[in-house]
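Single-structure report; data block below.
The values are calculated or read from the model by the stated rules, or taken from the named source; none is laboratory data. A quick note: this is a predicted structure, and the numbers were derived from the prediction, not measured. With ideal geometry, Cβ positions are generated from the backbone for all residues, glycine too; neighbour counts draw on all protein chains shown. Calculation scope for accessible area: heavy atoms of the full protein, side chains included, ligands and nucleic acids excluded. Shrake-Rupley method; radii C 1.70, N 1.55, O 1.52, S 1.80 Å.
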Amino acid sequence: MEIPSKYEPKRAEEHWYNYWLEHDFFSSKPDDREPYTIVIPPPNVTGVLHMGHMLNNTLQDVLIRKARLEGKNACWVPGMDHASIATEAKVVAKLKEKGIAKSDLSREEFLSHAWDWTNEYGGVILQQLKKLGCSCDWNRTKFTMDDDMSASVIKVFVDLFDKGLIYRGYRMVNWDPEAKTTLSDEEVNYEERQGLLYYISYKIEDSEETLTIATTRPETILGDTAICINPNDERYGHLKGKKAIVPICNRVIPIIEDEYVDVEFGTGCLKVTPAHDENDKNLGDKHGLEIIDIFNDDASLNSYGLYYEGKDRFEVRKSIAKELKEKGHLVKMEDYVNKVGTSERTKAVIEPRLSDQWFLKMEDLAKPAIDAVLKTGEVKLFPKKFENTYRHWMENIRDWNISRQLWWGQQIPAYYFGDGENDFVVAETPEKALEKAKTKAGNPNLSLTDLKQDGDVLDTWFSSWLWPISVFGGILEPENEEINYYYPTNDLVTGPDILFFWVARMIIAGYEFRNERPYENVYLTGLVRDKQRRKMSKQLGNSPDALQLIQQFGADGVRVGLLLSSAAGNDLMFDEALCQQGKNFANKIWNAFRLIKGWEEADIEQPNAAKLGIDWYTAKFHQTLAEIEDHFSKYRISDALMAIYKLVWDDFCSWLLEIVKPAYQQPIDKSTLTAVIQLFEKNLKLLHPFMPFLSEEVWQHIAERTPKEALCIADWPKPEPVDAKLISEFEFAAEVISGIRTIRKEKNIPNKDALALMELNSEGTSSNLDAIIIKLGNISGIESVTESVEAALSFRVKSNEYFIPIDGAIDVAAEIKKINEELTYTKGFLNSVQKKLANERFVNNAPQQVVDIERKKAADAEAKIETLEKSLASLE
């Protein structure tokens, strides 16, 4: 193949991805190799690639590609989540554009539209992941609404119900009035908001007396069914047993007593609205109060809202406050900051609402999952700091509300056959339900038409908590070959924001349904933020277009850019300059490859410098390989990349290639060229998990390869003993070379002019790599001396002193003049600093940090004067 002058990411990415797919390199089937398995955190079917996905999936691809190179049977299962709330909202919006309301459709008609939408728009993100280079086994792509996945969910529901762990209850739930469904506690975000505290007076029945309550929600007075006072509050003791009249609706309600009331809050009187507050509901149950729900499912007021019926709750809040003021019931208003629950999905303010819902008892189910992470260490979290978050969630776990008032999702397999509270059965199919119903009802004449299935669907997380098991068919066929081979999986890479929603629940499911962990290690990434530390979001407009970045910098450039700044669990401050750095790195590797391929080979003797350089780089490679393995074992993926980056950029390109490079228009010996190419190939193997496209492109250009010889399925380098002594000697030699180069630069001595070098070796520490020093420093020879050399420039490396005679190398008179000028300036500078430090007022009154800076300036100037005077003495 002809080698292009520049690396062309777009062409290489398209070509090699298709090549890998064509030869089935990503597919996995059970065999006798060690499996390495990752299941993708399934993105929403509605999703498009954003920076969080880019980071998360790059990390997974690095792990899976490394495992593949290590000879493991690497299996990365991709897929998508049906995302009940998000998808249903998208479908409803699309129907609305066509003038169709969800309420105009039957369930079947709506689901038909939902499937049409999913098939047309869903899965875009999986195609985008291919652009990033993700090496998933695409033949295994799963969707949480696939028939077998849904059947697994239904089977688990029935199993847990039969075990007495799922129950139906009338409970106060979190209602999302925009999505028109309940949410679990974990799907509600609490945020502080500035609001108002309204002081409202209620008349006492048959009296001129009033009492005042304080509330943040005046609209809910229309649902009040009691006023509660603390029995120990002497201010209100005389009201015991009396009744109050609710303003506007004029409902007469009892005044009850309960120690729950905080006498310090507001006025010490509490309005009780059992339908719209969980604590009020508890009071209502205790005191047998009426429950009046004033809201429709969209949080507009219903008929109990009187003439406010049909209006939004926040609109009514303003209107009712105005009416209360006009009627003399609004005593005052105060600014008040309170925590408001909002929907994680729609951002709507949550409305507490009483509803029949399905719940899963969690306390006992959670115990094995708590032990696995916090006691036995069977499941490890990286970074470890997240164990505290995990502990908090799991030790305070509440029953999980698993029902949602939606149509898109797995419909709850409960079938009603009568009007009684317990006139229902739970079964996997209507046919099985009918048999159970006949037995439970004692009515053999029941038919399928007598059964009515529960209209709710299951929480999306109730399907995704089974993901590592269900993708391998482990729920429907618990002993099938795939689940026994691939499960438990190895690593999970995800965000800490779903540590409880998903990670913890998968661990719970793993122990409940397979009696073992779902994975061994959980790598929790940080959030991707912008340079101002703000979370990236559409609203802020600070999230770059992921595909545009790939177009601009190449997939490998973006992958490197993301990983270079991504320490495990710490937020990533994303800057496009990092992607440019990744692109520059790709170009550096490409240019190194072109340099090597441009050398002409000849059957000549190998120079000693080249042999030493190859031996050193081989040792350095294996030292770095050990570091990389250590970083991977601790999930320090960005540190592993940085180690490779330095190895390739500094050690290979800046040192080794300079050591072995033949003289201008001269050939290179065969031994050196062969060795350098072999070392380059080893570099490419280390690079491949991070930069798959560039590494494969270079690999395939180096030599003609069969598909079986592709880099994608090559062998990861094996560790070898490291010659630490040789590495140490090279570090010494590198310092000597740097000293020579510094003198050349400072004295404007051209690199083509050979210099003599003399070494005063006071402690016998010398370099065995003189051949490398001679070549890279362009030294005519190295001579050992026993005392300092006059008329020479000098520098130190450890205890050795080196001298470069200046005879003919520089203009001595000009150099003496230059040093004298610098000496005069530095002495003047030192004098001014010393005057400042001699001023007691300055020393006593200036901040200590400022004084310390001045003292450092003085010390640096004194050291510089000493060096300049030494240089001057050697020249004179």
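Where only protein heavy atoms count, and the probe is 1.4 Å, what is the accessible area per residue for the range 787-876 in Å²?
On the way: 5840 Å² over 90 residues.
Solvent-accessible surface per residue comes out at 65 Å².
If one computes the Cα centroid of the range 413-432 and of the range 834-855, what distance in Å separates the two points? Cα centres, the range 413-432 to the range 834-855: 86 Å. In summary, the lysines within cross-link reach of Lys327, defined as a Cα separation below 25 angstrom excluding same-chain residues under 8 places away, comprise Lys203, Lys242, Lys243, Lys271, Lys311, Lys318. For Gly79, the amide hydrogen comes within under 5 Å of the amide hydrogens of Lys142, counting only partners 5 or more places away or on other chains and with H modelled in the peptide plane. Label separation (Gln551 vs Glu479): 5.5 nm, computed from points 7 Å beyond Cα along the C-beta direction. How much accessible surface does Ile550 have with a 1.4 Å probe, in Å² rounded to 10? Accessible surface of Ile550 is approximately 20 Å².
The modelled label-to-label distance between Leu527 and Glu395, using points 7 Å beyond Cα along the C-beta direction, is 2.6 nm.
Of the trypsin sites (Lys or Arg not before Pro) in the range 643-714, the ones in a loop by DSSP (not H, G, I, E or B) with at most 16 other beta carbons within 10 Å are Arg705. Here's how it looks for Phe295: its modeled amide H is under 5 Å from those of Asn302, which are all 5 or more places away or on a different chain.
Normalised radius of gyration (Cα atoms, divided by 2.2 N^0.38 Å) for the range 1-149: 1.29. Restricting the calculation to Cα atoms, the range 116-168 shows an Rg/Rh of 1.19 when the hydrodynamic-style radius is the Kirkwood one. With Cα atoms as the point set, the radius of gyration and Dmax of the range 427-517 evaluate to 18.0, 53 Å.
Expressed as a whole percent, the accessible surface of the chain that belongs to carbon and sulfur atoms is 47, based on a 1.4 Å probe. From the largest down, the range 78-221 spans 78, 44, 36 angstrom on the principal axes of its Cα atoms.
Compactness of the range 138-287 is given as radius of gyration and Dmax, 22.3, 78 Å, from Cα positions. Projected over all directions and averaged, the alpha-carbon convex hull of the range 1-83 occupies 7.7 nm². When you filter the trypsin sites (Lys or Arg not before Pro) in the range 94-158 for DSSP loop state and at most 10 other Cβ atoms inside 10 Å of their Cβ, you are left with Lys98. Here the Kirkwood formula, the inverse mean of 1/r across different C-alpha pairs, assigns the range 627-710 a hydrodynamic radius of 14.4 Å. Taking only the Cα atoms of the range 707-838, the ratio Rg/Rh comes out at 1.19, with Rh defined as the Kirkwood radius. Give the separation of the Cα centroids, the range 228-248 to the range 482-553, in Å. Cα centroid to Cα centroid, the span is 53 Å. The alpha carbons of the chain stretch over 116, 79, 52 Å along the principal axes, in descending order. Using Cα pairs under 8 angstrom and six or more residues apart, how large is the relative contact order of the range 398-494, in percent? Value for the range 398-494: 29 percent.
Just name one of Ile256, Val272, Leu374: the one whose Cα is farthest towards the positive end of the charge dipole of the range 253-381 (beta-carbon charges, Lys/Arg +1, Asp/Glu -1). Positive-end residue among those listed: Leu374.
Dividing the convex hull volume of the alpha carbon atoms of the range 200-270 by its residue count gives 82 Å³ per residue.
In the context of the full protein assembly, Tyr645 retains an accessible surface of approximately 30 Å², using a probe radius of 1.4 Å and ignoring ligands and nucleic acids. Based on DSSP H segments of at least four residues, each scored -39500 (n - 2.57), the chain has a per-residue ellipticity at 222 nm of -13500 deg cm²/dmol.
Its residues counted as N, the range 829-876 yields a C-alpha radius of gyration over 2.2 N^0.38 Å of 1.44. Note on the range 774-876: the alpha carbon radius of gyration divided by the globular reference 2.2 N^0.38 Å gives 1.46.
Based on the mean of other Cβ atoms within 10 Å per residue, sort peptides 490-497, 527-534 so the most packed one is first. Working shown, then result.
On the way: 490-497: 20.4, 527-534: 14.0.
The packing order, highest mean first, is 490-497, 527-534.
Solvent-accessible area per residue in the range 227-323 equals 50 Å², computed with a 1.4 angstrom probe and all protein chains kept.
If you take the alpha carbon atoms of the range 500-635 and fit the smallest convex hull around them, that volume is 195 Å³ per residue.
Tell me the Kirkwood hydrodynamic radius of the range 555-660 in angstroms, computed as one over the mean inverse distance between distinct C-alpha pairs. Taking every pair of different Cα atoms in the range 555-660, averaging 1/r and inverting gives 15.5 Å.
If the Kirkwood radius is taken over C-alpha pairs of the range 466-557, then at 37 °C and 0.692 mPa s the Stokes-Einstein diffusion coefficient equals 207 µm²/s.
If you take every DSSP beta bridge fully contained in the chain, what fraction is antiparallel? Give it as a percent rounded to 5. Bridges in the chain are about 70 percent antiparallel.
Could you sort Ser832, Ser463, Ser799 by accessible area so the largest value comes first, with the probe set to 1.4 Å?
Result of the area sort, largest leading: Ser832, Ser799, Ser463.
When peptides 617-629, 220-232 are sorted by average Cβ neighbour count within 10 Å, with the highest value leading, the order is 220-232, 617-629. For the chain, averaging the sequence separation of C-alpha pairs within contact (under 8 Å, six or more residues apart) and dividing by the residue count gives a relative contact order of 12 percent.
What percent do you get for the relative contact order of the range 590-733 when only Cα pairs under 8 Å and 6+ apart count?
34
If you take all other residues with their beta carbon under 10 Å from the beta carbon of Ala414, and give Lys and Arg +1 and Asp and Glu -1, the sum is 0.
Straight-distance candidates among the lysines for linking to Lys670, with alpha-carbon spacing under 18 Å and chain neighbours fewer than 8 residues away dropped: Lys597, Lys611, Lys661. The smallest convex shape that holds all Cα atoms of the range 65-149, its convex hull, gives 111 Å³ per residue. For the range 224-342, the extents of the C-alpha atoms along the principal axes are 40, 30, 30 Å, listed from largest to smallest.
Restricting the calculation to Cα atoms, the range 465-514 shows an Rg/Rh of 0.99 when the hydrodynamic-style radius is the Kirkwood one.
Taking 27 Å as the limit for the C-alpha separation, the pairs Lys72/Lys531; Lys29/Lys90; Lys646/Lys745; Lys361/Lys452; Lys588/Lys775 exceed it in the case of Lys72/Lys531; Lys29/Lys90.
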